[in-house]
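Visitor: Shown below is the structure under consideration.
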Amino acid sequence: MKGVLLAVSWVLLAAAVPAPATATEPGARAAAELRLHGLTAAGNEAGLGALAADAAAPPVVRGRALFALFSRRPLPLSQADRLRLLRTLGDASPELRGAALRCVGQARERTLESEALRLAAEDPDPQVRVEALRAVRGWTRQGHLYFLQQALGASSTAVQAEALKSLARLEFRDVPPDIVAYVQGCTGPNQPVEVRLRALEALKAWRKLDWAEVRDVLFEAEDSESLRLFAVAASDGVGPVDERNRILVDILSSDPSQRLAWEAFQRLRRAGGDESNLLKGVARFLAFSGRRNAATEEMAAYLRSRGLRADYRSGAWKITRP
C-alpha cells in the first residue's frame, strides 16, 4: 500500500511541474527574440551564428539571426559562407530557406543564382518562391524565362505578381509572344488587383500599354486605389488628350480619394488649354472634401490665382467669386 501511495505521489508531482517550452510556444519565441535582440545589439557574430543553427529555437527567429549575421559579412562572401547559405537553401523550414534567399539577394551572391531560380520555380512554400524571385531580380535576363513562366503558373497571387515584376525588367524583344499574350490576359477585371497592377506595369515597361486598358481601369470606380493611381499616371501621353482630360476632370470632381484627385489635378494643370472644367472640378473637390492639408491648400492657391476666392472656415472650403 505504501508503495502505491509513493507512486501516486510521484505522478502528482510530475503533473505539477510544467513541461519545458517548445520552439513553437509563445514563451520560447519571446526568449529567443530577447536572445536575438541582445546578440544583434552587441554585434556578436558567433552568437548569431549559434542561434541560427539552434534547432531548438523557433525557425522564424533562426531566420532573422541568419540574416542579421550575413548583414555583417564582408563582400564578396567567403566559400564557407556560400556553403552555409547553400545548405540553408535546402533546409526543411521555409522560414530558413526564405532567410537564406534574402541573404543571397542582399549579398548579390550570383554563385547561388541557379539554386535560387530552382526554388522560385519549384518550392512548395509560396513565400519562399516570392523571396527567390526577389533575390534574383537584379540579374533578370532571357535565361530566366523558364523559371518565371513556372512562377506565373503558381496558384499564389503573390508569386504571380513577383514573376510579373521580374518580367517587366526584360526587353520586349526578349519575351516570347505567348508570354506577352499571357501578361495581357492578366490585365482583365477578373484578375486579383496585385496581379493586374503588375501586368499593367510590365506592359508599360515594354511600351505596349494600350489606351483601352488604361481607360478601363480609370472608369472602374470599384477598383483599388493603387490600380487607379497607376492608370492616372500611365495616362500621360497615351490615348486621345481630350478624352483623357475629361476622365481626369470626372475623377477630380467626384472621386472620394484625395490621392487620385491630386494626381488628376497635377496632370490637368500641366496640360494647359481651356481651364474652365479644371476650375469647376477643383472647386467641387474642395467643396466636398472638408480637408485642409498641403494638397488642398495648393488647389486653393490655384483657384485664387485664377481670380476665385477659396477660404477654409468652420471645417469646410468656401469657393466664391469676388
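Visitor: Does ALA261 satisfy the criteria of being surrounded by 15 or more Cβ atoms within 10 Å (Cβ to Cβ), of a type outside the set (Lys, Arg), touching a Leu at 6+ places or on another chain (Cβ under 7 Å) and not assigned by TED's automatic domain parsing to the domain that holds ALA199?
Guide: Here the answer is yes, as ALA261 does meet what is asked.
Visitor: Would you kindly identify the helices (runs of 4 or more DSSP H) lying entirely within the range 19-99 that contain at least 2 residues that are free of Cβ contacts under 8 Å to residues at least 12 places away in the same chain and in the same structural domain as LEU133 (by TED's automatic domain parsing)?
Guide: Per the criteria, 79-89.
Yes or no, residue by residue, for (1) surrounded by 14 or more Cβ atoms within 10 Å (Cβ to Cβ); (2) in contact with a Gly (Cβ under 6 Å, 6 or more places away or on another chain); (3) among the hydrophobic types (A, V, I, L, M, F, W, C); (4) within 25 Å of ASP242 (Cα to Cα):
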site: LEU268; (1), (2), (3), (4): yes, no, yes, yes
site: GLY273; (1), (2), (3), (4): no, no, no, yes
site: SER276; (1), (2), (3), (4): no, no, no, yes
site: LEU279; (1), (2), (3), (4): yes, no, yes, yes
site: ALA283; (1), (2), (3), (4): yes, no, yes, yes
site: LEU286; (1), (2), (3), (4): yes, no, yes, yes
site: ASN293; (1), (2), (3), (4): no, no, no, no
site: LEU303; (1), (2), (3), (4): yes, no, yes, yes
site: ARG309; (1), (2), (3), (4): no, no, no, no
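Visitor: To continue, here is another question. Look at the range 127-144 and say how many of its residues are outside any loop (DSSP other than H, G, I, E, B) and surrounded by fewer than 18 Cβ atoms within 10 Å (Cβ to Cβ).
Guide: 6
Visitor: Out of all the residues in the range 89-116, which are surrounded by fewer than 21 Cβ atoms within 10 Å (Cβ to Cβ) and within 19 Å of the chain's Cα centre (by Cα)?
Guide: Scanning the range 89-116 gives GLU95, ARG102, GLY105, GLN106.
Visitor: Further question on the same structure: Could you list, in sequence order, all residues of the range 125-148 that are in contact (Cβ under 8 Å) with a residue 12 or more places away in the chain and more than 20 Å from the chain's Cα centre (by Cα)?
Guide: If the condition is that a residue be in contact (Cβ under 8 Å) with a residue 12 or more places away in the chain and more than 20 Å from the chain's Cα centre (by Cα), then ARG141, GLN142, HIS144, LEU145, TYR146, PHE147 are the ones that fit.
The values are calculated or read from the model by the stated rules, or taken from the named source; none is laboratory data. Quick caveat: nothing in here was measured; it's all calculated off a predicted structure. Every residue, glycine as well, gets a Cβ built from its backbone with ideal geometry; the counts of neighbours run over all protein chains shown.
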